[in-house]
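What follows is a set of notes on a single structure, which appears directly below.
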Amino acid sequence: MMRVLGIDRVHLYERLQEPISPDARTGFQALLERRLAREPVAYITGHREFFGLDFEVSPAALIPRPETETLVELVLAFARERYANAQITIADVGVGAGTIAVPVARELPNTRIIATDVSSATLDLARRNAQRHGVADRIDFRLGDILAPLGGPVDVIAANPPYVTTEQWKAMPPEIREHEPRTALDGGRDGLDVIRRLLAEAPRYLDTGGALFCEIGDWQGDAARELASAAFPGARIEVRPDLTGRDRVLAVYC
């Protein structure tokens, strides 16, 4: 109803006793029918808040989830501690709606970000969110798979790849399985297909002294740590929890 009437929650409650117009009634009914068909609310309204910012969302990308804020916080903390105010380059691999690239660009004004994705529609969505928040001039959007579009080394690699198993994806509710892009969720038999490829490629693209941050499933900590150890012998490797205490981010410090 807030969406139909173009008002916020406070004004909605103030107007609860008012009759609505026939046009508003028709619009509200249409949105209800979409929700009854199990379409996610974020896709119906076209918006979702993440990291205190309003993001445009669409079926071109995964709906932002609060767990990913842990990854953003780790990227920001590392960049501030290791590089202070120096200009650095950060790669956001599989940019989606821009929920890593955009807040990082806003928080680190000296940072250059390369955002990659295999979908041009997804890149367009991320670009619109970057424009919405005034950071489009510092994000270089590149079409391509994993790290191939980078062309050279970067200081930080950040990624929220697909990491649920195929069987888990098949058991997900219709809101997810039938509406969100499968390529952003299904990580194969063990959920590690894309993570395995990312870690195999990363040593060629990560500068000495840099770091990689990758979101993982809360059951994948040990397996992700083993893959990272094989790819980065001698690096400091950690699995960091989200706000609920579950394993959520693989961190590799070179």
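The values are calculated or read from the model by the stated rules, or taken from the named source; none is laboratory data. Keep in mind it's a predicted model, so treat the numbers as computed, not measured. Please note: Cβ atoms are built from the backbone with ideal geometry, for glycine as well, and neighbour counts cover all protein chains shown. What goes into the accessible areas is simple: the full protein's heavy atoms, side chains included, and nothing from ligands, DNA or RNA. Shrake-Rupley method; radii C 1.70, N 1.55, O 1.52, S 1.80 Å.
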Legend entry - Output for the stretch 73-110, where each listed residue is closer than 17 Å to Ile63 by Cβ, small (Gly, Ala, Ser) and either in a loop (DSSP other than H, G, I, E, B) or more than 14 Å from the chain's Cα centre (by Cα) (or both): Gly94, Gly96, Ala97, Gly98
Legend entry - The one condition in (1) touching an Asp or Glu at 6+ places or on another chain (Cβ under 7 Å); (2) in contact (Cβ under 8 Å) with a residue 60 or more places away in the chain; (3) open to solvent by less than 10 Å² (accessible area, probe 1.4 Å) that Leu147 fails to fulfil: (2)
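Let me confirm something: among Arg246, Arg204, Arg197, which residue is surrounded by fewer than 17 Cβ atoms within 10 Å (Cβ to Cβ), under 20 Å from Ile88 (Cβ atoms) and not aromatic (Phe, Trp, Tyr)?
Numbers: Arg246 fails: under 20 Å from Ile88 (Cβ atoms); Arg197 fails: under 20 Å from Ile88 (Cβ atoms).
One residue alone meets the criteria, Arg204.
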Legend entry - Close pairs (6 angstrom Cβ cut-off, 6 or more residues apart or separate chains): over 18 Å from Ile146 (Cβ atoms) in the stretch 208-227, small (Gly, Ala, Ser) anywhere: Gly217/Gly191
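Could you list, in sequence order, the residues of the stretch 203-241 that are aliphatic (A, V, I, L, M) and in a loop (DSSP other than H, G, I, E, B)? Outline the logic, then answer.
To start, the set of residues in the stretch 203-241 that are aliphatic (A, V, I, L, M) comprises 206, 211-212, 216, 223-224, 227-228, 230-231, 235, 237, 239.
Answer for the stretch 203-241, where residues must be aliphatic (A, V, I, L, M) and in a loop (DSSP other than H, G, I, E, B): Ile216, Ala235.
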Legend entry - Odd one out for Ile113 among (1) part of a helix (DSSP H, G or I); (2) under 15 Å from the mean Cα position of the chain (by Cα); (3) more than 18 Å from Pro162 (Cα to Cα): (1)
Inset, instruction - Could you list all residues from the stretch 1-21 that are assigned to a helix (DSSP H, G or I) and open to solvent by 100 Å² or more (accessible area, probe 1.4 Å)? - result: Arg3, Arg9, Tyr13, Glu14
Legend entry - Within the stretch 166-202, tally of residues that are touching a Pro at 6+ places or on another chain (Cβ under 6 Å), among the acidic types (Asp, Glu) and either within 20 Å of Leu150 (Cβ to Cβ) or assigned to a helix (DSSP H, G or I) (or both): 1
Inset, instruction - Kindly list the number of the only condition in (1) free of Cβ contacts under 8 Å to residues at least 24 places away in the same chain; (2) buried (at least 16 other Cβ atoms within 10 Å of the Cβ) that fails for Asp117. - result: (1)
Inset, instruction - Please verify whether the stretch 70-92 includes one or more residues that are crowded, with 18+ Cβ neighbours inside 10 Å, modelled with pLDDT of 95 or more and within 19 Å of His179 (Cα to Cα). - result: no
